[in-house]
1. Taking a ≥ b ≥ c as the square roots of the Cα gyration tensor eigenvalues, with a/c under 1.5 meaning rounded and otherwise prolate when a/b beats b/c, else oblate, which class fits the stretch 72-144?
2. Please report the antiparallel percentage of the DSSP beta bridges confined to the chain, to the nearest 5.
3. For the chain, what is the accessible area per residue in Å², given a 1.4 Å probe and the full set of protein chains?
4. Helix 324-339 sits at what angle to the longest principal axis of the chain, using alpha carbons and giving 0 to 90 degrees rounded to 10?
5. Which value, in Å² rounded to 10, gives the accessible area of HIS211 with a 1.4 Å probe and all protein chains present?
6. Where does helix 97-110 land angle-wise versus the long Cα axis of the chain, in degrees 0 to 90, nearest 10?
7. Run the 1.4 Å probe and let me know the accessible area of ARG168, rounded to the nearest 10 Å².
8. Evaluate the charge dipole of the chain about its Cα centre and quote only its size in Debye, nearest 20, assuming +1 on the Cβ of each Lys and Arg and -1 on the Cβ of each Asp and Glu.
Amino acid sequence: MTRAARIGIVGAGPGGTALALALTDRGVDPRDVVLYDKARFPRGKLCGGGVTFRGTQLLDRWIGPLEGGLVTDALEFRSALGSLPVKERGPQRVYDRGLLDHALVETCRRRGIEVREECAISAVEPGPGRWRLVHRGGVESHRWTIGADGANGLCRRASGLPGGLTGRLVEAVYEPVSASPRPDTLIFDFDPILDGIPGYAWVFPYVSPDHDGVLYKIGVMDGRGRVPGDVLRRWTDAFAERCGYRRLDARIAGWPERYFDVGVRGARPGLLLVGEALGIDALLGEGIAPALWISEYAAGRLRSALDAGVDRVEGYEQGLLWSEEGRNLWFQARLADRLYGPNPRRWLRVLFGMPHLHALAAGGQDAYGRLVHHVPWLVAGHAWTVLRHGLPSDGPVPGWQPTVAERPSME
Ligand SMILES: Cc1cc2nc3c(=O)[nH]c(=O)nc-3n(C[C@H](O)[C@H](O)[C@H](O)COP(=O)(O)OP(=O)(O)OC[C@H]3O[C@@H](n4cnc5c(N)ncnc54)[C@H](O)[C@@H]3O)c2cc1C
């Protein structure tokens, strides 16, 4: 007789696979874990594929060097107000998500974890003492159900847990025409803010499995989800053209993101949310590294609950908020509140005009998304700059020409 797995994970993206791997790292029997995914891997996923330094160590632990990706050695934050080059204490990686997620799934399989592909969960229902997962082949229930089903996931909706802000992103693949491309740098361009879009645009190098040479993924994030998708698409094409790129994809695709913050909930008896189902970095929308780290945290909490024989993880969200990842996600959300909030140009001027931040960014000792321990120093630096020069203006940037003819609403 086959034994029923104690843990059913809905979604085999980075969040779900990382949880499965982190559980088995902690001694959980791989036969106790089953991953369900509606897709067959390798599957596409709309994503820039960039992983900043904070995510690369966990990927190294689980999948090692992956062929077909790219290594970059810097980030650049830029806008019409200036440039902020960022040197992390190690390199970043850029992956094709089809390859990355497939590698994670195959690593799970090699460890003996069952992965059920093309198995869409159509309903998640509370049952007596357990959640029931409904799919085409029947109904299953596990002692623990894990929602790792991404931004739009069914598990959050079915469990009624409140989520964070939802952003809207669009992206396509481009080739350089008159650009001077920089395949060694991840570019984050905040000019969308000057056009009333609360977010940034990215230019990331991309090696496609179907194309020779380096291409570029260009897209824009609306971190508050309030600008219509067609405006974001026109903005992206106009921005790419201004930067010297031509679109190769027939269309610009779009997908939402969900951000982590205080107030987000991810636990019910017998159920936990991980990855983007719980929430990711609100400033840049970086999701792969947070998904991995949230799962690393969740695996520790779940292992303790299994050992104690209980069906609850008390203080799941608060515990995350006190972890290094959680404190940093909180800080990223505070930065996003400023840059994407009511006085965005003021905070853009702070970002590009603060000498303390430039020194920190150039130092090469830190990592993006790991700055919360610098808060006192950054606040003191900001206060010093304000005392000397006053509060930066929130007024228009002189000479700025809107990227698309009509300006999206700032409201
Ligand atoms: C345009 C865009 C660009 C981005 N760029 C970056 C970037 O450069 N770097 C970065 O770190 N992050 C980026 N992100 C965010 C990143 O893609 C996500 O945060 C990340 O994939 C989250 O991982 P996850 O495992 O939580 O969810 P997902 O990767 O979304 O995985 C969820 C899985 O669940 C499965 N699933 C969903 N519903 C069901 C169901 N009912 N039944 C069975 N299976 C189901 C899906 O098939 C999927 O495989 C970007 C996002 C967008 C939209």
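1. Since a/c reaches 1.5 and a/b is larger than b/c, the shape of the stretch 72-144 is classed as prolate.
2. 70
3. About 42 Å² of surface per residue is accessible.
4. Relative to the chain, helix 324-339 is tipped by roughly 40 degrees.
5. 80
6. The two axes meet at around 30 degrees.
7. ARG168 has an accessible surface of roughly 90 Å² with all protein chains in place.
8. Values: 51 positive and 48 negative charges, 148 e Å.
The calculated dipole for the chain is roughly 700 debye.
The values are calculated or read from the model by the stated rules, or taken from the named source; none is laboratory data. On a predicted model such as this, the values are computed, not experimentally measured, just so you know. For neighbour counting, all protein chains shown are included, and Cβ atoms are generated from backbone atoms with ideal geometry for every residue, glycine included. Please note that ligands, DNA and RNA were not included when accessible areas were found on the heavy atoms of the full protein model with its side chains. Shrake-Rupley method; radii C 1.70, N 1.55, O 1.52, S 1.80 Å.
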